[in-house]
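So the structure is just underneath, and the comments pick up after that.
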Amino acid sequence: MGETTVTTSEGRRAAVPSPVAGEAESRAEQGLLHRARAPRRPRLWFEILLIAVSYWTYSLVRNAVPEQKAQALRNADWIWSMERQLGIAVEQTVNHAANSVKWLIVGMNYYYATLHFVVTLGVLVWLYRHHPGRYAGARTALFATTGVALLGYYLYPLAPPRLMNGGHFVDTVLVHQTWGSMASGDLKNMSNQYAAMPSMHIGWSVWCGLTIFALATVPWARVLGLLYPVGTLVVIVATANHFWLDAVGGIACLAFGYAVARAWYGALPHALPRWVSHRTGERQRWGTQALPSVNRP
């Protein structure tokens, strides 16, 4: 069954797949793709393993990129020269002003070193617990953002302002002897110091801010969500770890990440259903007819 026979010119009979069988295979393939793209409840063990392996891979690849010190310094000189010609070179002023207030700059050093990871992981946990249907889409956007950033590190090595020759920037971690950067002090040999473009401090913080603003119901939380990437921008400039144009590169990477998530799931993460069934592949109706009260953000 499912096959037809034809007689060849030599008189032999040959089996030919029937149109019905071909359509069934096509529908099966489409169904498999649909299930792969459908929002589903994340598995905790898988997500922990995925995040751990992904971050390890990201760190390994980022630090394996050739440092290309000479080219990185030339690129930094070019960006700094261009910003001064355009009248937008504010990094040195902000760096010196923040460095003049010890408690402020020390706090910024610790902000730079810790919140980048703490807040991002916190938002992922919040999504996992309270927005499981949107978790995979948001995580995909974040991972795609980070992945494309690796390409930027390879194609455009860039020294941070604090490492420029004759830039007169203050390396605030060294001056105040605080633990504030994997690229300063005793930790500098553990990280590629010439991977400033794009800034993933900005890419990740804007992802966090937009996610919180789109999904939080408490007004003050939404405001904090918007203020977090703004504060991060001030910190990366004040500590001389980035030019502000590195932030533009981080936002561009994030836009790519959201484009990937939308292309795969058919909608931006915040527009996906909040709740999903425990059964993988089941068509989701939660938040519409079945449970209208649980789909509130």
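Some notes on this structure:
- Only one of the numbered conditions (1) under 13 Å from Thr146 (Cα atoms); (2) modelled with pLDDT under 95 is not met by Trp204, and that is (2).
- Selected residue [in contact (Cβ under 8 Å) with a residue 60 or more places away in the chain, over 21 Å from Arg162 (Cβ atoms) and buried (at least 22 other Cβ atoms within 10 Å of the Cβ)] from Gly250, Gly257: Gly257
- Considering residues of the stretch 194-205 that are within 14 Å of the chain's Cα centre (by Cα) and among the small types (Gly, Ala, Ser) only, the residue surrounded by the most Cβ atoms within 10 Å (Cβ to Cβ): Ser199
- Of all residues in the stretch 206-242 being within 16 Å of the chain's Cα centre (by Cα) and closer than 13 Å to His270 by Cα, the one that is surrounded by the fewest Cβ atoms within 10 Å (Cβ to Cβ): Leu210
- Note on the stretch 68-100: among residues that are touching a Phe, Trp or Tyr at 6+ places or on another chain (Cβ under 7 Å) and of a type in the set (S, T, N, Q), the one that is surrounded by the most Cβ atoms within 10 Å (Cβ to Cβ) is Asn95.
- In the stretch 97-117, the residues that are on the phi < 0 side of the Ramachandran plot and among the β-branched types (Val, Ile, Thr) form Cβ pairs under 8 Å with partners that are modelled with pLDDT of 95 or more and in a helix (DSSP H, G or I), at six or more places apart or across chains, as follows: Ile105/Ala98; Ile105/Asn99; Ile105/Ala238.
- The set of residues from the stretch 223-275 being among the aromatic types (Phe, Trp, Tyr) and at pLDDT 95 or above comprises Tyr228, Phe243, Phe256, Tyr258.
- Scanning the stretch 123-132 turns up no residue that is within 23 Å of Met197 (Cβ to Cβ), surrounded by fewer than 21 Cβ atoms within 10 Å (Cβ to Cβ) and among the aliphatic types (A, V, I, L, M).
- Single condition Trp103 does not satisfy, out of (1) farther than 12 Å from Phe243 by Cα; (2) surrounded by 11 or more Cβ atoms within 10 Å (Cβ to Cβ): (2)
- When the stretch 79-100 is filtered for residues that are farther than 16 Å from Phe243 by Cβ and not in a helix (DSSP H, G or I), only Ser100 remains.
- If you check Leu254, Leu245, Leu224 for being more than 16 Å from Val90 (Cβ to Cβ), out of contact with any Phe, Trp or Tyr (no Cβ under 7 Å at 6 or more places or on another chain) and of a type in the set (A, V, I, L, M), only one passes: Leu224.
The values are calculated or read from the model by the stated rules, or taken from the named source; none is laboratory data. For clarity, every value in this text was computed on a predicted model and none was experimentally measured. With ideal geometry, Cβ positions are generated from the backbone for all residues, glycine too; neighbour counts draw on all protein chains shown.
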